[in-house]
1. Has the range 12-27 got any residue that is out of contact with any strand residue (DSSP E or B) (no Cβ under 7 Å at 6 or more places or on another chain) and modelled with pLDDT under 95?
2. Quick one: LEU129 ticks every box in (1) loosely packed, with under 15 Cβ neighbours inside 10 Å; (2) closer than 17 Å to HIS179 by Cα; (3) among the aliphatic types (A, V, I, L, M) bar one, so which box is it?
3. If we scan the range 116-131, do we find a residue that is of a type in the set (Gly, Ala, Ser), in contact with an Asp or Glu (Cβ under 8 Å, 6 or more places away or on another chain) and modelled with pLDDT of 95 or more?
4. Scan the range 120-147 and report the pairs whose first residue is within 17 Å of LEU198 (Cβ to Cβ) and without any contact (Cβ under 8 Å) to a residue 12 or more places away in the chain and whose second residue is of a type in the set (Gly, Ala, Ser) and surrounded by fewer than 24 Cβ atoms within 10 Å (Cβ to Cβ), with Cβ atoms within less than 6 Å and a gap of 6+ or a chain change.
5. Which number in (1) surrounded by fewer than 20 Cβ atoms within 10 Å (Cβ to Cβ); (2) part of a helix (DSSP H, G or I); (3) in contact with a Phe, Trp or Tyr (Cβ under 7 Å, 6 or more places away or on another chain) marks the one condition that ALA101 misses?
6. Of the conditions (1) at positive phi; (2) touching an Asp or Glu at 6+ places or on another chain (Cβ under 8 Å); (3) charged (D, E, K, R), ARG50 fails just one. Which one is it?
7. Applying the selection to the range 132-153, what residues are modelled with pLDDT of 95 or more and among the small types (Gly, Ala, Ser)?
Amino acid sequence: MQELSGHINANPAASLLLAAMVIASLIGLFVSPPMIERNLFRPYWLLQRREYLTLVTSGFLHADLAHLLFNAFTFWAFAFSLERTIGTEAFVVLYAFGLLASDLGTYFTHRTDPEYRTLGASGAILAVLFASIVYHPKASLYMLPIPIPIPAPLFAVGYLAYTYWASRQARGRVNHDAHLFGALAGIAFVALADPETLANSVRIVFG
C-alpha cells in the first residue's frame with residue numbers, strides 16, 4: 001500500500017487520469033449505458049446543440065472493454081514515465097492539448113455528417129506516446145503481432161504514414177483523424193514547450 005501511495009504521489013496527474021478513464025468507462029459500459037450516448041462527441045451537433053462539454057467527456061469513455069483495455073495499457077506504459085520527465089503541470093497541459101487537438105481534427109473532418117459520433121482517449125494518449133518518443137528517441141516499442149522491438153522513431157514515421165492513409169479512406173469505426181491529430185499534437189507540444197529536446201531528438205535520429 002505504501003508503494004502504491006508513493007507511485008501515485010510521484011505521478012498524480014497520470015494516476016488521476018487513468019483512474020477517471022477506467023472508472024467512467026466501466027460505469028458507462030456496465031452500469032449506465034445512456035451515459036455513453038449522452039457524452040458522444042458529435043461534430044455536426046457541437047455548435048448547433050452546444051454540446052461543448054462532450055469535447056472533454058467523450059475522451060474518458062470507451063466503446064467496449066477491449067477499447068478501454070488497449071488505451072489504458074498504452075497510457076500506463078508511457079504516461080507515468082513521461083510525467084516524471086516533464087513534470088506534472090506540463091503533463092496536464094500536454095494531455096489537454098492532445099485531447100483538444102484530436103477533437104479539432106475530428107470536427108473539421110466530420111462537421112458536415114450528422115450521423116458521425118466518436119469517443120475514447122486515443123487522441124490524447126497518442127499525444128503522450130509521441131511526446132514520449134521525442135523525449136526518448138533511442139527507445140524501442142513492441143507492437144503485436146510483430147515479435148521484435150521497433151525503434152521508436154521508425155514506429156513514429158510508420159504510424160503517422162499509416163494513420164494519414166487510413167484517415168483518407170473513411171472506413172470502419174476507428175477515428176484515424178483523432179489519432180493523427182493527437183500524435184502530431186504530441187510532437188508540436190514538445191516543439192513549443194521544449195524545443196531543445198526536439199532538436200536533440202532530431203540530431204540523434206538523423207545523426
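1. no
2. Here LEU129 clears every test but (1).
3. yes
4. Correct list of pairs: empty, since none qualify.
5. Going through the list (1) surrounded by fewer than 20 Cβ atoms within 10 Å (Cβ to Cβ); (2) part of a helix (DSSP H, G or I); (3) in contact with a Phe, Trp or Tyr (Cβ under 7 Å, 6 or more places away or on another chain), ALA101 breaks only (1).
6. Every condition holds for ARG50 apart from (2).
7. SER132
For (1) surrounded by fewer than 23 Cβ atoms within 10 Å (Cβ to Cβ); (2) part of a helix (DSSP H, G or I); (3) over 16 Å from the mean Cα position of the chain (by Cα), each residue gets a yes or a no:
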{"position": "PRO149", "(1), (2), (3)": "yes, no, yes"}
{"position": "TYR159", "(1), (2), (3)": "yes, yes, no"}
{"position": "ARG173", "(1), (2), (3)": "yes, no, yes"}
{"position": "GLY186", "(1), (2), (3)": "no, yes, no"}
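The values are calculated or read from the model by the stated rules, or taken from the named source; none is laboratory data. Keep in mind that what you see is a predicted model, and the values were worked out from it rather than measured. With ideal geometry, Cβ positions are generated from the backbone for all residues, glycine too; neighbour counts draw on all protein chains shown.
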